[in-house]
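Values in this text are rule-based calculations from the coordinates and carry no lab data. Note that the coordinates shown come from a computational prediction; the quantities given were computed from them, not determined experimentally. Every residue, glycine among them, receives a Cβ derived from its backbone with ideal geometry; neighbour counts consider all protein chains shown.
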Amino acid sequence: IDLQQKDLRLVLEAADEMAVPAIGTSMVFHMFRTLQQRGLGHEGNHALIKALEYMTGQEVGASPE
């Protein structure tokens with residue numbers, strides 16, 4: 001995640017310069033940022049589910065209550 005953040009930032013900067021929306025890229029960038037802030041920047045793409053769990057307060061695979 002730490003390594004990918006630089007690339008995502010560059011994509012977002014280029015999209016901004018060309019006035020092209022990059023909604024999906026922005027979403028992933030912010031989810032990765034959440035993971036970095038939680039000390040999980042060393043993990044890979046699979047950690048996106050951890051960001052979703054944290055942001056929603058729901059555990060993937062958990063039984064609904």
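Between the helical axis of 23-37 and the dominant principal axis of the chain, each derived from Cα atoms, what acute angle in degrees is found, rounded to the nearest 10?
Taking Cα atoms only, the helix is inclined about 60 degrees.
At 7 Å along the Cα-to-beta-carbon direction for both residue 2 and residue 63, put a label point, then send me their distance in nm to one decimal.
Each label point lies 7 Å from its Cα, and together they span 4.0 nm.
What dipole magnitude, in Debye to the nearest 20, does the chain give about its Cα centre under +1 on Lys/Arg Cβ and -1 on Asp/Glu Cβ?
For this selection, approximately 100 debye.
So how much slack lies between residue 48 and residue 26, counting 0.36 nm per residue of separation and subtracting their Cα-Cα distance, in nm? Don't jump to the answer; show the numbers that get you there.
On the way: separation 22, 0.36 × 22 = 7.92 nm, distance 1.36 nm.
Extra length available between residue 48 and residue 26 comes to 6.6 nm.
Hey, if you put +1 on the Cβ of every Lys and Arg and -1 on every Asp and Glu Cβ in the chain, which of 51, 3, 31 ends up farthest toward the positive end of that dipole?
3
Within the set of other residues whose C-beta is less than 14 Å from the C-beta of residue 26, count the net charge using Lys and Arg as +1 and Asp and Glu as -1.
Around residue 26, the charge tally is -1.
Which whole-number percent is the relative contact order of the chain (Cα, under 8 Å, 6+ apart)? Mind dumping the intermediate values first?
Details: 41 pairs, mean separation 21.1, N = 65.
It rounds to 32 percent for the chain.
Return one number: the angle in degrees, 0 to 90 and rounded to the nearest 10, between the long axis of the Cα atoms of helix 2-17 and the longest principal axis of the Cα atoms of the chain.
50 degrees
Taking every eigenvalue of the Cα gyration tensor of the chain, multiplying by 5 and rooting it, what semi-axes result, largest first, whole Å?
Numbers: eigenvalues 135, 39, 12 Å².
Whole-Å semi-axes of the equivalent ellipsoid: 26, 14, 8.
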